[in-house]
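Participant: The structure under discussion is supplied below as structure tokens; questions concerning it will follow.
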Amino acid sequence: CERGHALREEVRPGNYCDVCQAQGTDFCCPEGCDFDMCARCHAMPPMQAWHRCNNGHRLVGAPQPDNFCDTCTEQGTAFTCAQGCDFDMCQQCFDGAGQAGALPPAEPAPPKARAAGGGDSISNDFCEVCQKTGRLLLCESCPRAFHVRCI
């Protein structure tokens with residue numbers, strides 16, 4: 001669940017998946033958290049099942065053909081923030097584990113610095129503001145990097 005408890009298998013046909021909002025769940029939190037998950041989401045890699053908006057809210061299935069993906073900027077999205085933040089993600093980015101906007105239940109340490117473009121300068125692989133990876137703008141005079149949306 002979102003608190004990190006291991007889920008147990010328990011079929012609940014009337015409940016909704018807390019990841020994709022589909023009706024009918026196969027897993028729930030045994031510690032009493034109100035958290036259910038369908039078999040499809042449970043089978044996803046953790047980074048994929050736990051996509052988040054920039055404010056840390058989970059994403060829910062809500063197709064919006066006119067919206068633009070906040071990860072790749074393509075038009076047509078399949079997921080949006082469950083809390084109403086202005087954050088949308090397309091199906092391709094959602095299916096690609098490890099994209100920007102993805103957070104597992106326990107956030108990992110930021111990636112290490114790397115040489116940008118194979119050159120001698122070193123740039124971070126994570127955003128200075130939100131500490132997430134993804135498409136970054138690299139500073140030319142220091143190792144810091146940023147998402148356009150975080151500047």
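Every number in this text was worked out from the coordinates using simple rules, so none of it is lab data. Keep in mind the model is a prediction, meaning the values are calculated, not measured. Neighbour counts are summed over all protein chains in view; Cβ atoms, including those assigned to glycine, are modelled from backbone coordinates with ideal geometry.
Participant: Identify the residues of segment 18-33 with backbone N under 18 Å of a label point that sits 7 angstrom from the Cα of ALA39 along the Cα-to-Cβ direction, or state none.
Facilitator: 18-29
Participant: Here's a follow-up. To the nearest 0.05, what FRET efficiency results for HIS57 and ALA6 with a Förster distance of 25 Å applied to their C-beta separation? If you can, show how the numbers build up before the last one.
Facilitator: Numbers: r = 23 Å, r/R0 = 0.91.
Efficiency at R0 = 25 Å is approximately 0.65.
Participant: Grab the Cα-Cα distance for GLN64 and GLU140, subtract it from 0.36 nm times how many residues apart they are, and report the gain in nm with one decimal.
Facilitator: Working: separation 76, 0.36 × 76 = 27.36 nm, distance 3.64 nm.
This chain segment gains 23.7 nm when fully extended.
Participant: Taking H as built 1.01 Å from N, whose amide H comes closer than 5 Å to the amide H of ASP88, not counting residues under 5 places away?
Facilitator: Here ASP70 satisfy the definition.
Participant: Per residue of segment 30-37, in order, report the coupling 6.51 cos²θ - 1.76 cosθ + 1.60 (Karplus, θ = phi - 60°) as ³J(HN,Hα) in whole Hz, putting x for Gly and Pro.
Facilitator: Listing the rounded values in order: x, 8, x, 5, 7, 9, 10, 9 Hz.
Participant: Starting from segment 1-73, pick out the GluC sites (Glu not before Pro) whose DSSP state is loop and whose Cβ has at most 15 other Cβ atoms within 10 Å. Intermediate values should be presented prior to the final figure.
Facilitator: Details: sites: GLU2, GLU9, GLU10, GLU31; in loops: GLU2, GLU31.
Passing sites in segment 1-73 are GLU2, GLU31.
Participant: A follow-up question, please. So how do 62-74, 17-29 stack up, highest first, on mean other-Cβ count within 10 Å?
Facilitator: Details: 62-74: 15.3, 17-29: 19.5.
Listed from highest to lowest mean packing, they are 17-29, 62-74.
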